[in-house]
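To start, the structure itself, in C-alpha cells.
Read-outs: derived from the displayed coordinates by stated rules, not from any lab. No experiment lies behind these values; they were computed from the predicted model shown. Glycine gets a Cβ as well: all are built from the backbone with ideal geometry, and neighbour counts include every protein chain shown.
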Amino acid sequence: MNSVLERYLPESAVAPCFDLIRTHRVHLKVVNERMTRHGDYRLLPDGSHQITVNATPNPYRFLITLVHEIAHLIAFETYGRRIKPHGSEWKHTFQSLMLPFLRPEIFPSMLLPLLAKHFRNPKASSSTDSELAIALSKFDPPSDQSILMELPLGTVFRLKNGRTFKKGHRRVKRYQCVEIGSGRLYLFQPNAEVEVLN
C-alpha cells in the first residue's frame with residue numbers, strides 16, 4: 001500500500017494517509033480518470049469500506065480527494081447512515097481530518113491560503129471552488145485545454161465528450177453556454193477545462 005501512496009501523494013502525506021487507511025480498514029482502489037467525479041466511497045455488502053480515487057499526477061488533488069472520501073466513511077460511522085452525504089457532519093469531519101495536512105511540508109505555500117479559505121466551509125467537490133480548482137490545476141501536467149472563465153464571450157469550445165458550446169454571459173457563479181447542436185442552454189463552472197475551436 002505504501003508504494004501506491006508514494007506514487008500519488010506528497011511525500012510527507014504518505015505515512016498519515018496510510019494510518020487513516022489502516023485504522024479504518026479501507027480498501028483503496030486507484031482508477032482511471034472519470035469525468036464525473038474525483039473519487040467515491042462505498043460500504044460493501046461484507047461490511048468493508050471501498051474508496052476509489054482517480055489516478056492523477058497531481059498529488060495535492062489526490063490527497064484532498066482521498067481525505068474527502070475517508071471523511072464520508074468516518075462521518076457515516078460516527079453519525080449514522082441517514083446524514084446528508086455533504087452535510088454539516090461530513091463537513092466537520094472533513095475539516096478535522098484535513099487540518100493536520102495543511103502544512104508547508106505537504107502543500108505549496110501558494111495553495112495554503114486557498115485551502116484555509118476552502119476548509120472554512122468545504123464544498124462537495126474541490127472543483128466547485130473555482131479559485132482553488134484553478135490553483136490546483138497549476139500542478140497538473142501541461143494540457144491543450146483552456147479555462148472557460150479566461151475565454152472571451154462568444155468563444156466556441158468542445159468538451160472531452162465531443163459536444164460543442166458557445167460561451168455566454170456569467171449568471172451569478174456559472175457561465176450560461178449554448179450547445180451548438182441543440183440550442184439548449186447549460187451552466188458551466190468558471191474553471192471548466194475546454195478545448196477552444198475558433
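Below, the figures for the structure above:
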read-out	value
Cβ-placed point charges (K, R +1; D, E -1), dipole of the chain about Cα centre in debye, nearest 20	800 debye
Integer Hz, Karplus 6.51/-1.76/1.60 couplings in order for region 160-174, x for Gly and Pro	4, 7, x, 6, 10, 9, 10, 5, x, 6, 7, 10, 6, 9, 10
Neighbour cut-off at most 16 other Cβ (10 Å), DSSP loop, GluC sites (Glu not before Pro), region 93-163	105
Anchor residue 167: aspartates and glutamates whose Cα lies under 17 Å away (excluding residues fewer than 8 positions away in-chain)	150, 179, 193, 195
Part-to-part distance (alpha-carbon centres) for region 14-34 and region 93-169, which is given in Å	22 Å
Unsatisfied cross-links (Cα-Cα over 19 Å) in the set 91/138; 91/160; 29/84; 117/173	91/138; 91/160; 29/84
Which label in (i) 9, 36, 41, 14, 0; (ii) 9, 33, 34, 14, 6, 3, 1; (iii) 8, 32, 33, 20, 7, 0 gives the computed P(r) over Cα pairs in 10 Å bins from 0, in percent	(iii)
Nearest-ten-degree value, helix 88-98 long axis tilted from longest Cα axis of the chain	80 degrees
For the chain, with +1 on Lys and Arg beta carbons and -1 on Asp and Glu, the positive-most of 58, 10, 128 along the dipole	128
Rounded to 10°, Cα long-axis angle of helix 14-23 versus longest principal axis of the chain	60 degrees
Global geometry of region 126-181, whether rounded, prolate or oblate, following the gyration tensor of its Cα atoms and the 1.5 cut on a/c	oblate
Relative contact order (%) - region 22-128, alpha-carbon pairs under 8 angstrom, separation at least six	18 percent
Inter-label distance, nm, simple model (7 Å from Cα along the C-beta direction), residue 3/residue 172	4.9 nm
Radius 15 Å from Cβ of residue 152, net charge of other residues (Lys, Arg +1; Asp, Glu -1)	+2
